[in-house]
Amino acid sequence: MVENKILLKPNTLWSSVKQRTEYALKCRALLSIPTEFEFVEDDDVRFLVRILSNLNRKKVAKEKQEKQSTSGQEFNPFLPYEEDLFVAKISDTHICLLNKFNVVDYHLLIITRKFEEQESLLTLEDFTAMWACLADFDGLGFYNSGKSAGASQRHKHLQLVPLPLAPEGLQIPFEPLLKEAQFQNSITIPKLPFLHAFAPLNPYWVESPLTGGQATLKIYHTLLEAVGLDATQLSAYNLLITREWMLIVPRSQEHFHTISVNSLGFAGALLVKNAAEMQLLKEQGPMTILKSVAIC
């Protein structure tokens with residue numbers, strides 16, 4: 001943003017999210033996908049695993065979108081965006097929408113107003129918008145950089161889900177591991193068996209999203225370098241961010257067999273489509289799945 005202008009009024013986002021969610025459900029713009037969940041213990045982590053109850057509504061909607069798409073052009077659900085899902089203007093460069101096919105209640109998308117590739121580097125504007133939202137929304141932000149990292153849309157967007165991730169247990173399943181972070185050349189988590197880099201953040205940056213954005217941008221580039229990602233090239237990785245820390249994980253592939261993994265997997269939250277995938281996950285172990293789709 002040229003002047004880094006924040007348009008989101010303080011202490012308004014959470015109430016706007018709840019009001020828009022209620023409205024979008026009534027007009028059927030928001031098509032929540034029901035799930036059940038259970039916890040699966042592995043490597044001292046109580047993984048949260050959700051199992052989808054019904055994917056039909058998402059499949060039907062996607063088929064409809066593809067038919068509406070101009071011949072030869074990829075459909076972009078964010079240009080134009082669906083007005084009924086609009087939550088707020090964040091800044092001159094970003095807006096906030098509800099995730100149309102949400103699995104988690106109050107799942108938000110932080111979207112660039114103009115088209116940018118999902119694999120492009122995050123910018124000062126991106127991080128400033130994220131901090132503006134985190135100021136009134138205690139959540140887990142994340143970015144799936146590229147299809148191999150679980151991105152389903154090409155238009156650049158960060159995502160934000162409220163904490164805790166489950167109605168019981170820890171705020172984030174990986175919490176016990178994060179507390180064991182050790183500083184080497186960068187900060188690493190001893191029990192994570194794949195390439196990653198971790199850094200603490202200052203929760204007081206919510207008081208000044210621009211200050212937070214500037215500081216986080218520098219840390220982001222440090223983490224990219226720590227895991228050997230070339231900042232001049234497009235790379236597949238997952239980035240997770242809260243008010244207190246940031247974690248980056250380079251990716252080798254999107255799937256373990258048929259199980260897709262995005263950023264939330266590296267917080268300890270996984271999603272399976274059916275009982276067969278749940279059985280596979282239990283047999284192999286969630287940490288083995290993460291190791292297989294990351295880089296060792």
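No value in this document is a laboratory result; all are computed from the given coordinates. This one's a predicted model, so the numbers in the text were calculated from it and none came from an experiment. Methodologically, a virtual Cβ is constructed for each residue, glycine included, from the backbone with ideal geometry; neighbour enumeration extends over all protein chains shown.
A few remarks follow.
- Per-peptide packing, taken as the mean over residues of other Cβ atoms within 10 Å, places 148-159, 202-213 in the sequence 148-159, 202-213 from highest down.
- Computed over the chain, relative contact order equals 21 percent, with contacts defined as Cα pairs under 8 Å that lie 6+ residues apart.
- The loop-placed GluC sites (Glu not before Pro) in the stretch 221-296, going by DSSP, that have at most 14 neighbouring Cβ atoms within 10 Å of their Cβ come out as Glu244.
- Take each peptide in 22-33, 263-274, count the other Cβ atoms within 10 Å of every residue, and average; sorted highest first, the result is 263-274, 22-33.
- Loop-located trypsin sites (Lys or Arg not before Pro) in the stretch 79-141, at most 12 other Cβ atoms within 10 Å (DSSP): Lys114
- Given (i) 22.9; (ii) 15.8; (iii) 15.0, the label whose value is mean projected area of the Cα convex hull in nm² derived from this model: (iii)
- If R0 is 30 Å, the Cβ-Cβ spacing of Gln214 and Glu180 corresponds to a FRET efficiency of close to 0.55.
- Stretching Thr222 away from Gln279 to a fully extended chain increases their span by 16.7 nm, per 0.36 nm per residue minus the current alpha-carbon distance.
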